[in-house]
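Notes for the one structure printed next.
The values are calculated or read from the model by the stated rules, or taken from the named source; none is laboratory data. Because the structure is a prediction, the values reported are computed rather than measured. Here Cβ is always computed from backbone atoms with ideal geometry, including for glycine, and neighbour counts include all displayed protein chains. Accessible surface areas use protein heavy atoms only, side chains included; no ligands, DNA or RNA. Shrake-Rupley method; radii C 1.70, N 1.55, O 1.52, S 1.80 Å.
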Amino acid sequence: MKKIYLIIILLISSKISAQEFNNKIFFENFVECYYSKNLNEPILIYNYPNGILIHELKPLINDSSWYKFAISESKSGWLKIENILILPECNDRQFNNNFEQYKGNWILAKNLKINISDLDVESKSVIKFFENPNLNSNIVYKSDKFLETELIEIIGLWAKVNFVINGVSMSGWLQRKDQCAYPWTSCPFQSE
């Protein structure tokens, strides 16, 4: 009987730990993006737009890890940091123990990416890019395939992004449910 209680306690605590971990890496109340792994430049963090440089994040040497940002505001090409994580090694890195250490500071939008995943579904299921940050706006593009975009700005939970289609540069607004801050996988965040 003691073994059964022990097993139940272990299962409950592992479930709670898993929920805390998921809550720690997914921030649905913010636009999330990631730093492009194709670049070998440090990420420069400033105290405010065009302000004083306060820190440089070095590029990660592990090819399967990346910096993921939660962004709360944008201003003239600058993004306000809510938090930063290194994924997927969230529990293994000391950096992630204080993921809000740069909260309220700013980074340039340059080199920050948002993806849409390859939907691999019926053609009527597509990701829509809007002319303005609302669902009643004109649709500038629809995609049902993987697409990497560059974050330009945000308004609320909407992200304005640049992307290239057949050599033509385009921009549009993505609603939160279609934004993916993971460079090589499908996105777990989908809310209506």
The lone exception for Asp63 - which of (1) closer than 15 Å to Tyr182 by Cβ; (2) in contact (Cβ under 8 Å) with a residue 40 or more places away in the chain; (3) open to solvent by 80 Å² or more (accessible area, probe 1.4 Å) it fails: (2)
Search result, residues across the stretch 156-192 that are hydroxyl-bearing (Ser, Thr, Tyr) and at pLDDT 90 or above: Ser169, Ser171
Here the qualifying pairs (Cβ atoms under 8 Å; residues six or more apart or on different chains; first in the stretch 164-192 and of a type in the set (Phe, Trp, Tyr); second at pLDDT below 90 and open to solvent by 70 Å² or more (accessible area, probe 1.4 Å)) come out as Phe189/Glu28
For the stretch 31-45, which positions are at pLDDT 95 or above and either farther than 20 Å from Gly104 by Cα or open to solvent by 40 Å² or more (accessible area, probe 1.4 Å) (or both)? Leu44
Sole residue being closer than 23 Å to Trp184 by Cα and either of a type in the set (A, V, I, L, M) or at pLDDT below 90 (or both), chosen from Asn62, Asn83: Asn62
Considering only residues of the stretch 138-176 that are among the acidic types (Asp, Glu) and part of a strand (DSSP E or B), which is nearest to Cys33 (Cα to Cα)? Glu150
The lone condition Lys68 fails out of (1) part of a loop (DSSP other than H, G, I, E, B); (2) modelled with pLDDT of 80 or more; (3) touching a Leu at 6+ places or on another chain (Cβ under 9 Å) is (1)
Out of Glu153, Glu148, Glu131, report the one residue that is at pLDDT 95 or above, charged (D, E, K, R) and closer than 29 Å to Ile86 by Cβ. Glu153
Quickly run through the stretch 94-128 and pick out the residues that are modelled with pLDDT under 90 and of a type in the set (Ser, Thr, Tyr). Ser117, Ser123, Ser125
